[in-house]
1. Out of the chymotrypsin sites (Phe, Trp or Tyr not before Pro) in region 226-328, which ones are loop residues according to DSSP with at most 14 other C-beta atoms within 10 Å?
2. Please compute the Kirkwood hydrodynamic radius of region 197-253 from all pairs of different C-alpha atoms, in Å with one decimal.
3. What value in Å³ per residue do you get for the convex hull of the alpha-carbon atoms in the chain?
4. Evaluate E = 1/(1 + (r/R0)^6) for S287 and I141, where r is the Cβ-Cβ distance and R0 equals 51 Å; express this FRET efficiency to the nearest 0.05.
5. Measuring from label point to label point, each 7 Å out along Cα→Cβ, what is the E342 to E529 span in nm?
6. Go through 401-408, 213-220 and give me the packing order, highest mean Cβ count within 10 Å leading.
7. Over all alpha-carbon pairs of region 181-313, lay out the pair-distance distribution in 5 Å bins, whole %, shortest bin first.
8. Have a look at region 287-403 and give its Rg and Dmax from the Cα atoms, expressed in angstrom.
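Laboratory data are not the source of any read-out in this text; all were calculated from the coordinates shown. Keep in mind that what you see is a predicted model, and the values were worked out from it rather than measured. When we count neighbours, we look across all protein chains shown, and the Cβ atoms used for this are built from the backbone with ideal geometry, even at glycine.
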Amino acid sequence: MIDIQALRRLLGDIWSVVGSRYGLYLCLLALTGLMEGVTLASVVPLLAAIGIGEGGSGVGGVVSQTVLGLLSWLGLGVSVPAIAGVILSSLFLSTVFFLAQAYVGISLQTSYVSQWQKRLLRGIFAAKWGLFLKTRNGDLINSVVTETQRLGGAFYQTGLLLTGLLHSAIYMALAAMLSGLTTLGVIAGGAFLFLVTRPLIQRAYRIGFGISHENAELQVKLGEFVGSAKLLKATATENAAVGALNGIVKRLQKHILANAFDAQLVKGIFDFGAAAMVASILVISRSVLDIDAAVILVILAIFVRLIPKLTGLQQSLQSLTSSLPAVANLNEIVRTIEAEVEVSRTGPLPDALSDGPLAVSLQNIAVSHDTVQVISNLSIAIPAGACIALVGRSGAGKSTLVDAMLGLVPASAGSVSVNGINLNELPLYGLRQRIGYMGQETMLYNTTIRGNILWSQPHHSDEAVMAAAASAAADAFISQSPHGLDTMIGDRGGRLSGGERQRLGLARALLGNPGLLVLDEAASALDAETDAAVTRALELLKGKVTMIVISHRLSSVRMADYIYVLDKGQIVESGTWDELKGSTGQFSRLL
Ligand SMILES: Nc1ncnc2c1ncn2[C@@H]1O[C@H](COP(=O)(O)OP(=O)(O)OP(=O)(O)O)[C@@H](O)[C@H]1O
Ligand SMILES: [Mg+2]
């Protein structure tokens, strides 16, 4: 049966997100049902007034009495126009309430979805870098794009379910006032139909899980394949990719088909059951119970409206059940990302750090990835304005060391400090705004050259952009590009050469003379001449900007004031170029 706990969690969540406005929504739902009920109830005296059935005080009991009482309270006699007027007014009111309920419902639903999306977006980007290493990007994207929409669907179905319940209760109460026995019969028939369609609800939950899973798979795999389209084309493996994606699409189609058909199956069963019930009511009411013709007509009218509501009730129960896995999934993702929130001081950077080069010091730090220790007991002190080079074999821990300096990965022991202040005491956000960073993989966005260079510091002028580009030896190719700084560079900069991409990344890192410049293999794709030009530009920054350069290139290493050789997460050699150039240790084998 339906997962009551999950449903209760959903309702609790809806209440906590949209708040008391949900109460207003429920009131409007009740009012719509009530007005529909009044409309139907007024039909008994109307029929009597036009000569169908006996009417009067004995028939239709409380319902007729109420309508007649209402008429006399309004000072109107029992006439066809008066009763028709009551019916029309209640219909009008019912339409107004319906529209108000629809508007409130839709605006609450969209607000519920967008609040969830905002919460996810905030959570994802407030998380530590570590989250992105252990979570599939596609799962995060799927949660924001697809699962929240399914949550919106669940919200909608919750509304339908509550409307269905309320309206059915009102109709049944009305019918019970007209004929208790007939109503009891209908309740029994309805319960039987619910029992018959129960297995479909259980199936809906399983199908819902399938839909959640396959949507996430599609997002994850499609993201990977589109991102690696060049490799797929070059190695003629696109068919394998399409095959894998088609497999997911096929499974998704199977689940969606089953879900949609089950909804129709429910409708079919209820429709047929309802027809059987209506026929029985007619026969039993007239020949066995000998009920007044007007009352029978109204009871029938009530049931004709009630039965689609019962069908809708079961259908929304089924749809809601198939959306509940999305609720569970989103709660799980939010729990994961919010547990990974990056904790740091807030507020502005201390004055001493807000200008000029930064001094960085690592004291006996250790860093682990999962359970493997990658850096152990390592100490380095980089004076403000110094340029140091980090060299070492692939996998020695150079990038990890830089990640620890930026607070991207935590040090499990020891401490990192900037200008003598422990990193834990500093607002990371403010500090990182003072860092020019060029990671080992050049990250570019599908926007203009200017947009990419200005990414982290959008307030700079075109002159500053071109000055940074000149330092990165990127000015010539930018000027030759068809639209200069306005040239679009494609996804991840795919319309540029490898070296051009690197120089653009470098220009971004250099913009606005950062307090600390981190260059992780920033020149690996450059030819010797361009590399020499970049090195000359970097040399001009010495003293003004603290630089950490990770490189295997002689030119970059020679430029450094001090060189650290890393191996297996420890410093194995260090010194100036002159001190190390005669080394017989690892340094001599690296360059
Ligand atoms: N996210 C991660 N999870 C687990 N292990 C990792 C992770 N990142 C790096 N490692 C491991 O940590 C070690 C150091 O990696 P790091 O990237 O710091 O090396 P590196 O010196 O920068 O190498 P390269 O010159 O190849 O870039 C490697 O053994 C690597 O496999
Ligand atoms: Mg590296």
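1. Working: sites: F261, F270, F272, F303; in loops: none.
For chymotrypsin sites (Phe, Trp or Tyr not before Pro) across region 226-328 that sit outside H, G, I, E and B with at most 14 neighbouring Cβ atoms in 10 Å, the list is empty.
2. Working: mean 1/r = 0.0786 Å⁻¹.
Answer for region 197-253: a Kirkwood hydrodynamic radius of 12.7 Å.
3. Values: hull volume 123.8 nm³, N = 591.
Each residue corresponds to 210 Å³ of Cα convex hull volume.
4. Details: r = 64 Å, r/R0 = 1.25.
After rounding, the FRET efficiency stands at 0.20.
5. Those two pseudo-labels are separated by 4.0 nm.
6. On the way: 401-408: 21.8, 213-220: 20.2.
In descending order of packing, they fall as 401-408, 213-220.
7. 2, 9, 15, 13, 10, 9, 7, 7, 6, 6, 5, 4, 3, 2, 2, 1, 0
8. 34.6, 103
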